[in-house]
1. Could you check segment 185-201 and list, in sequence order, the residues that are hydroxyl-bearing (S, T, Y) and assigned to a helix (DSSP H, G or I)?
2. When residues of segment 74-111 are filtered for being of a type in the set (A, V, I, L, M), within 30 Å of R54 (Cα to Cα) and open to solvent by less than 80 Å² (accessible area, probe 1.4 Å), how many remain?
3. Of the residues in segment 36-52, how many are touching a helix residue (DSSP H, G or I) at 6+ places or on another chain (Cβ under 7 Å), of a type outside the set (A, V, I, L, M) and crowded, with 21+ Cβ neighbours inside 10 Å?
4. Given the conditions (1) of a type in the set (G, A, S); (2) under 18 Å from K108 (Cα atoms); (3) surrounded by 13 or more Cβ atoms within 10 Å (Cβ to Cβ), report the number of the one that S206 does not fulfil.
5. Of the residues L157, L221, L207, which single one is under 18 Å from V235 (Cβ atoms) and of a type in the set (A, V, I, L, M)?
6. Residue by residue through segment 213-237, note down the ones that are in contact with a Gly (Cβ under 9 Å, 6 or more places away or on another chain), crowded, with 17+ Cβ neighbours inside 10 Å and not in a loop (DSSP other than H, G, I, E, B).
7. For A30, indicate whether it is open to solvent by less than 10 Å² (accessible area, probe 1.4 Å) and free of Cβ contacts under 8 Å to residues at least 40 places away in the same chain.
8. Out of contact with any Gly (no Cβ under 9 Å at 6 or more places or on another chain) and basic (K, R): which single residue out of R73, R46, R54 fits that description?
Amino acid sequence: MIDLNADLGEGFGRWELTDDERLLSVVTSANVACGFHAGDAVTMRRVCELAAERGVTIGAQVAYHDLAGFGRRAMDVPPAELAAEVAYQIGALEVFARAAGARVAYVKPHGALYNRVVHDEEQATAVIDGVLLADPALPVLGLPGSRLLEVAGKAGLPAVTEAFADRAYTEEGTLVPRGQDGAVISDPDVVVERSLGLARLGEVDSLAGTRIEVRARSLCLHGDTPGAVELARRVRRRLEESGVRVEAFA
């Protein structure tokens, strides 16, 4: 059993990045941008309505306050400020989720924040403090072995592991930085087979060619890659044909 999640609602004003409507016909969980790295009030409301109509679980994708850099630039935010900003983003999305007859069911950091909280315990603690402020029962989605999930577990929050079929891994099980050659896997056939290996075996080949263990309950399908919708469909079809049940974790 595995969940398929995608980053959605990453438009702003008249600019659109992801094909939210079609991706919501494939994934089981939607990581909705909350306005800090992408998204705005109208977009958030629309995506929540579409997700609720399709029975897709809604998650808050929280980020550093970095619209210009799409949340992918390294930032040093004081812990108290970061905690408040995380809670603010969750609260904003919760308004639209409830208006659509749903709720925010989990939290996932985005971009630079996601990578930072793999190792930085202070920033990870700030994120969890923000989640607790918004809702002390929300599951947190993150990289296996990350400080984020460790702190979440200590705080009593469900810690949910995530894997990426279209991102290269280091031998330590972390994601290869996007600026490095080979960090993003663009061959659809490779992505589909990696998805199956992650779902069934909990294993994937690192960038160095060694087989590493990556056990995850959710698989991320990036919505901003070329052909994202068709690739997502192929991944889901391959999983289901191989006997993997595709189901939301929250």
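1. Residues of segment 185-201 that are hydroxyl-bearing (S, T, Y), as a first pass: 186, 195.
Correct list: S195 only.
2. Filtering segment 74-111 for residues of a type in the set (A, V, I, L, M) gives 74-75, 77, 80, 82-84, 86-87, 90, 92-93, 95, 97, 99-100, 102, 104-105, 107.
From what's left, within 30 Å of R54 (Cα to Cα): 86-87, 90, 92-93, 95, 97, 99-100, 102, 104-105, 107.
Next cut, open to solvent by less than 80 Å² (accessible area, probe 1.4 Å) only: 86-87, 90, 92-93, 97, 100, 102, 104-105, 107.
Qualifying residue count, segment 74-111: 11.
3. Kept after step one, since they are touching a helix residue (DSSP H, G or I) at 6+ places or on another chain (Cβ under 7 Å), are these residues of segment 36-52: 36-37, 44-45, 47-48, 50.
Narrowing further to those that are of a type outside the set (A, V, I, L, M): 36-37, 45, 48.
Subset that is crowded, with 21+ Cβ neighbours inside 10 Å: 36-37, 48.
The qualifying residues number 3.
4. Every condition holds for S206 apart from (2).
5. Working: L157 fails: under 18 Å from V235 (Cβ atoms); L207 fails: under 18 Å from V235 (Cβ atoms).
Unique residue meeting the criteria: L221.
6. Narrowing segment 213-237 to residues in contact with a Gly (Cβ under 9 Å, 6 or more places away or on another chain): 213-216, 229, 232.
Checking the rest, the ones that are also crowded, with 17+ Cβ neighbours inside 10 Å come to 214, 216, 229, 232.
If the condition is that a residue be in contact with a Gly (Cβ under 9 Å, 6 or more places away or on another chain), crowded, with 17+ Cβ neighbours inside 10 Å and not in a loop (DSSP other than H, G, I, E, B), then V229, A232 are the ones that fit.
7. Judged against the criteria, A30 is a match.
8. Numbers: R73 fails: out of contact with any Gly (no Cβ under 9 Å at 6 or more places or on another chain); R46 fails: out of contact with any Gly (no Cβ under 9 Å at 6 or more places or on another chain).
Of the residues listed, the single one that is out of contact with any Gly (no Cβ under 9 Å at 6 or more places or on another chain) and basic (K, R) is R54.
The values are calculated or read from the model by the stated rules, or taken from the named source; none is laboratory data. Not measured: the values here are computed from a predicted model. So basically every Cβ, Gly included, is an ideal-geometry build from the backbone, and we count neighbours across all protein chains shown. SASA here: full protein model, heavy atoms, side chains in, ligands and nucleic acids out. Shrake-Rupley method; radii C 1.70, N 1.55, O 1.52, S 1.80 Å.
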